[in-house]
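This report refers to the structure that appears directly beneath it.
The values are calculated or read from the model by the stated rules, or taken from the named source; none is laboratory data. Model, not experiment: these values are computed from the prediction. Reconstructed Cβ throughout: ideal geometry from the backbone, glycine too, with neighbour counts over all protein chains shown. Just so you know, the surface numbers come from the protein's heavy atoms only, side chains and all, with ligands and any DNA or RNA stripped out. Shrake-Rupley method; radii C 1.70, N 1.55, O 1.52, S 1.80 Å.
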Amino acid sequence: FYHNMTGEMDWLDVLRLGSWPLFQLSSAVMLVCFFAILHPFLIISMRNYASAPVASILAFIGMFFSFSVKIYLQTYFLLEMQQEIPTTLALTQGTGIVESALTRFSSFRTLQWVLDFPVTFSLLISSLLLAITFKRQPGINDLLKAAFYIYVCYLLAYLGFLFKGIYEVTNYNRPFFPLIEMFVYALILVGLIRVAFQASPICGTTSETH
């Protein structure tokens, strides 16, 4: 709900809209996704460790850093921007309260903007490492490798938007980018489940029937 909002009063309206249940639900779902996706990335890094130990360790460290930052920002956004500030604005009137709310909101957006590049770049390198080094097993992990390559393409496009200075893409309630992220996360999860059913749990070797 940040899209095309300009001016002080518009941002104030945005803060009030943040308390709507639908927007809070959207943020909560995104937060759960950030927590949930770390486990599959850990499993994938463990499976890839035998064939590419350095790449696997670096990839998981990069993923852990990126999603830790995402979790922190999303949690702060949900609790402060969408709950505390709208509640304060609804219960308390006054120029000082409004200015304080807008200042906090502006500071959060600045922090979000500053962290967005290192977070995205870290995810890009980690995903690329796993996409390249994850040993291909035809019919077993093709979907998983494809998901990582799709994620790499998405992250490259996202970085392109950042370099062009399109500020709105950094907002966590932007309508388009979270859908792509959740689609890729779903592909990775489905691909991992497929591997789990068709291959041994950790070593990455195909189960054989004798």
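Does S68 meet the test of being of a type in the set (S, T, Y) and more than 17 Å from the chain's Cα centre (by Cα)? Answer is no for this residue. Can you confirm whether segment 37-47 contains a residue that is over 20 Å from the mean Cα position of the chain (by Cα) and open to solvent by 70 Å² or more (accessible area, probe 1.4 Å)? Yes, the conditions are met somewhere in segment 37-47.
This table checks each residue for (1) among the basic types (K, R); (2) in a helix (DSSP H, G or I); (3) in contact (Cβ under 8 Å) with a residue 40 or more places away in the chain.
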{"site": "T75", "(1), (2), (3)": "no, yes, yes"}
{"site": "E84", "(1), (2), (3)": "no, yes, no"}
{"site": "Q93", "(1), (2), (3)": "no, no, no"}
{"site": "A101", "(1), (2), (3)": "no, yes, yes"}
{"site": "R104", "(1), (2), (3)": "yes, yes, no"}
{"site": "T120", "(1), (2), (3)": "no, yes, yes"}
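With respect to the conditions (1) open to solvent by less than 50 Å² (accessible area, probe 1.4 Å); (2) closer than 24 Å to F183 by Cβ; (3) at pLDDT below 90; (4) out of contact with any Gly (no Cβ under 9 Å at 6 or more places or on another chain), Q137 falls short on a single one, namely (4).
Taking the criterion of being of a type in the set (F, W, Y) and open to solvent by less than 50 Å² (accessible area, probe 1.4 Å), the residues of segment 66-104 that qualify are F67, F77.
Quick check, is K135 outside any helix (DSSP H, G or I), among the basic types (K, R) and touching a residue at least 12 places away in the same chain (Cβ under 8 Å)? In short, yes. Scanning segment 146-184 for residues that are in a loop (DSSP other than H, G, I, E, B), modelled with pLDDT of 55 or more and not aromatic (F, W, Y) returns K164, G165.
None of S51, S19, S68 is at pLDDT 85 or above, of a type in the set (G, A, S) and not in a helix (DSSP H, G or I) except S51.
Can you find even one residue in segment 16-36 that is crowded, with 20+ Cβ neighbours inside 10 Å and over 30 Å from T103 (Cα atoms)? So far as segment 16-36 goes, no, none of its residues is crowded, with 20+ Cβ neighbours inside 10 Å and over 30 Å from T103 (Cα atoms).
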